[in-house]
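Step one of this worksheet: look at the structure below.
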Amino acid sequence: MTQKDSPFLIEEEKIKDRIKELALEIKRDYEGKRPLFVGILKGAFIFLADLVRAIDMDLEIDFLAVSSYGKFTETTGEVEILKDLQIPVKGRHVIIVEDIVDTGLTLKYIKDMILSRGPASLRICALLDKKERRRVDIDADYVGFSVPDRFLVGYGLDVAEKYRNLPYIKEIES
Ligand code: 5GP
């Protein structure tokens, strides 16, 4: 197999190192505030858990569970809220934590929904960014890794609920 054909991979150590950097950046940006981290279930649960443990400051955590239609690898932009937030976001400094931004449709829907509830500020932290697939104008403020247009699993990301528990991220055939 040539280098060009090797499956895309982000090793565990590389994820750990990048999370430390993101955590420092977020801590610096939110000094003196008490940000509310909103993890998007299920994909962001591992990333959120590692990220908040690396941020040494007062913060709060809540979860939003969504399902984007288009069962396997494609999203359609129709988003259903399966579990809403429990902590009110009005007046809060909110950071959405997402596993991957692909077309951006899911995130756009979530962002607009949270903005309509009047947060003091809203930023997005995404572990992975598949920029070339974007269909709506939305960008994460904090990005772990820019990734190519490949189907990725592991570290929270699944295919049919499999692979979420891998400590690294790898490409699979979609
Ligand atoms: P978007 O609405 O940005 O197209 O899709 C975002 C969601 O699609 C992600 O939160 C994730 O659930 C899923 N998704 C997009 N790309 C991938 C991928 O490469 N691997 C996996 N497992 N899910 C993906």
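The values are calculated or read from the model by the stated rules, or taken from the named source; none is laboratory data. Only a predicted model underlies this, so the values are computations on that prediction, with no experimental measurement involved. A quick note on method: Cβ atoms are made from the backbone with ideal geometry, for glycine too, and the neighbour counts reach across all protein chains shown. Ligands, DNA and RNA are excluded from the accessible area calculation, which covers all protein heavy atoms including side chains. Shrake-Rupley method; radii C 1.70, N 1.55, O 1.52, S 1.80 Å.
Filter the stretch 119-143 down to the residues that are open to solvent by 30 Å² or more (accessible area, probe 1.4 Å) and among the aromatic types (F, W, Y) and list them by number. Matches in the stretch 119-143: none. Listed by first and then second residue, the pairs linking a residue in the stretch 100-112 that is under 20 Å from G156 (Cβ atoms) to a residue that is among the hydroxyl-bearing types (S, T, Y) and more than 6 Å from the ligand (Cβ to nearest atom), with Cβ atoms under 8 Å apart and 6 or more places separating them unless they lie on different chains, are L105/T76. Can you find even one residue in the stretch 93-112 that is touching a strand residue (DSSP E or B) at 6+ places or on another chain (Cβ under 6 Å) and surrounded by fewer than 16 Cβ atoms within 10 Å (Cβ to Cβ)? Taking every residue of the stretch 93-112 in turn, none turns out to be touching a strand residue (DSSP E or B) at 6+ places or on another chain (Cβ under 6 Å) and surrounded by fewer than 16 Cβ atoms within 10 Å (Cβ to Cβ). Consider the stretch 76-92 and keep the residues that are within 16 Å of the ligand (Cβ to nearest atom) and acidic (D, E). The one that is nearest to K33 (Cα to Cα) is E80.
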